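**Student:** Let me begin by handing over the structure; questions about it come next.
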Amino acid sequence: MAMLGPGPSLAIFVDSSAAVSPGDYAVIRDRVLPKLIACTAGLQRAVLAFHGPDRVDTQESGLVQQLLGEKKALLDSLTRCEEELRIYQARCEQDARSYKTRMSQCEEELRNSEWLIDTMTSLIPADISDFSLARLLGTGTSAAAFEVQFHRNSSSPPSGGNSNGTTMMVMKVVFNWENIPRQTMLRQKYMAECVILSSIPHHPNVVHPLGAIVLPRLPPNFVEAIPKEKNVFRELSLNRSLAFLMPSCGIPLSHFLSSLDPIHLTTVTVDILSQALKAIHHIESHMIVHKDIKQDNLLVDPETRKLTVIDFGEAQRCLNSNLDSMISTTAQPWANPGTIPPELSTLLRNLTRTNTVSMFSYSKTNTVSMFSYSKCDSFALALAFYDALLPEHSKFIGTQQNADMSQFTTDALLSSFPLPAILSATTPRSSTLHTVLVGMMHPDKSKRFNSEGALSQLTQSLFS
């Protein structure tokens with residue numbers, strides 16, 4: 001009679017002495033079941049051989065006992081996995097129900113907050129004739145941003161104005177506003193930005209809306225500034241639009257740092273990073289995640305060297321006061337694939353592999369999954385600063401748009417991209433700046449610096 005080989009060890013499937021995360025139970029169950037079936041089939045063959053007409057020696061009798069033990073271990077493992085999976089799924093369903101209730105309340109509040117537009121339009125009693133175009137800053141999917149000059153014969157110009165009533169502003173024009181249904185994510189996105197920024201205390205390093213004006217139609221010189229390839233905007237500009245007004249905050253981070261004298265680069269970078277960390281700590285203390293921290297959203301005034309975090313279009317407020325247990329309510333869980341933290345990238349790619357969601361269109365599905373957003377803005381902030389300090393011909397973030405950030409390591413970053421000169425210096429401030437940036441980019445979230453910890457180290461460096 002042919003000898004039966006020993007069955008596979010259970011250790012390659014489940015280590016009973018190790019803790020298994022709830023998200024792994026379904027995977028373990030799917031791996032254990034086929035082996036259980038194979039083991040049962042082998043056991044049946046062994047039993048038939050044992051009771052058959054042929055003589056069975058002691059070794060084959062021992063094999064039957066081994067297979068029986070293997071089957072019992074597999075059944076115990078399967079039972080444990082399915083029980084833990086049931087508990088985990090029940091907890092997720094309960095969290096999802098409570099979160100959907102809170103989200104419905106939030107959406108109702110958002111829909112009812114259309115009054116904010118009336119309030120904001122009364123903050124600056126002006127019309128489009130009170131603004132002159134300086135330049136086009138950029139275009140999005142349904143909006144365009146312009147730098148404008150507000151000039152009005154008024155003794156009290158808006159914040160930042162000078163004595164003759166003239167000040168620079170950023171005008172974000174949302175085209176075809178009245179024809180965007182109130183329930184759509186697009187309208188709620190722009191409303192959410194204003195609601196979030198208007199609901200938290202003012203902070204010097206966080207942009208704050210100045211007001212809004214209704215535009216019956218966009219003036220011709222504004223339309224001409226829009227690129228011809230954005231012809232749809234030119235057509236929509238003929239309809240009624242809404243313009244949100246923000247203060248003009250300066251130039252992007254990389255442009256500012258590249259303009260500095262190398263002698264002062266380290267000291268100024270430490271100061272600018274400290275301001276950015278204060279802004280991140282402020283919004284996190286009010287349970288807000290920005291989700292789109294990048295160089296273009298970190299503006300610095302070249303004269304005052306004041307940094308301002310702008311563009312809260314992707315930002316989200318945590319409704320359950322726990323940044324480690326949030327469900328994304330914006331168009332995507334993270335705005336920029338080049339700065340997504342490794343833990344979010346890993347989760348999204350796992351969901352993608354199971355055909356649950358696509359990488360950056362999570363909210364288009366009805367799937368509910370928790371995201372842990374604590375320390376995520378700090379991670380993106382460190383990448384933005386590191387990238388801004390790299391030479392113009394060697395940028396990290398631009399190469400990561402289609403890369404797998406779940407495999408990100410600081411060692412790979414430091415070895416693949418030249419270390420900025422100021423970070424390789426031996427001065428205490430350079431050493432501290434290097435330590436803080438690397439600590440904020442740590443791929444292991446449990447070892448990563450949060451905004452408060454990084455700020456504490458930088459503050460000590462500033463006064464050393």
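**Student:** Give me, ordered by chain and number, the residues 5 or more places off Leu210 or on other chains with an amide H under 5 Å from its own placed amide H.
**Tutor:** Long-range HN contacts for Leu210: Leu245, Met246.
**Student:** Got a sec to turn the phi values of the range 333-342 into Karplus ³J(HN,Hα) couplings, 6.51 cos²θ - 1.76 cosθ + 1.60 with θ = phi - 60°, whole Hz, x for Gly and Pro?
**Tutor:** x, 8, 7, 10, x, x, 10, 5, x, x
**Student:** Take the cross-link list Lys230/Lys375; Lys230/Lys445; Lys306/Lys445 and give me the ones stretching past 31 Å between alpha-carbons.
**Tutor:** Violating the 31 Å limit, Cα to Cα: Lys230/Lys375; Lys230/Lys445.
**Student:** So what's the net charge close to Asp411: Lys and Arg +1, Asp and Glu -1, counting the other residues with Cβ under 15 Å from its Cβ?
**Tutor:** Taking every other residue near Asp411 into account, the sum is +1.
**Student:** Tabulate in residue order the Karplus-calculated ³J(HN,Hα) for the range 455-460, using 6.51 cos²θ - 1.76 cosθ + 1.60 with θ = phi - 60°, rounded to whole Hz; enter x for Gly and Pro.
**Tutor:** 5, 4, 5, 5, 4, 4
**Student:** Another question, if that's okay. What is the distance, in nm, between label points placed 7 Å from the Cα along the Cα-to-Cβ direction at Lys72 and at Asp404?
**Tutor:** 4.1
**Student:** Something else: For a protection proxy built on the mean count of beta-carbon atoms within 10 angstrom, sort 265-277, 247-259, 229-241 highest first, please.
**Tutor:** On the way: 265-277: 21.5, 247-259: 18.0, 229-241: 15.3.
For the peptides 265-277, 247-259, 229-241, the packing ranking is 265-277, 247-259, 229-241.
**Student:** Grab the other residues whose beta carbon is less than 15 angstrom from that of Leu136, score K and R as +1, D and E as -1, and report the net.
**Tutor:** +1
**Student:** Apply the Karplus parameterisation 6.51 cos²θ - 1.76 cosθ + 1.60, with θ equal to phi minus 60°, to every residue of the range 268-273 and state each ³J(HN,Hα) to the nearest whole Hz, in sequence, with x for glycine and proline.
**Tutor:** 5, 4, 4, 5, 5, 5
**Student:** Between beta-carbons, use under 13 Å as the cut-off and find the net charge around Leu218, counting Lys and Arg +1, Asp and Glu -1.
**Tutor:** Residues close to Leu218 contribute a combined charge of +2.
Readers should treat all values here as calculations from the given coordinates under stated rules, not as data from a laboratory. As the structure is a prediction and not an experimental result, all values here were calculated from the model. Ideal geometry is used to build each Cβ from the backbone, glycine not excepted, and the neighbour counts take in all protein chains shown.
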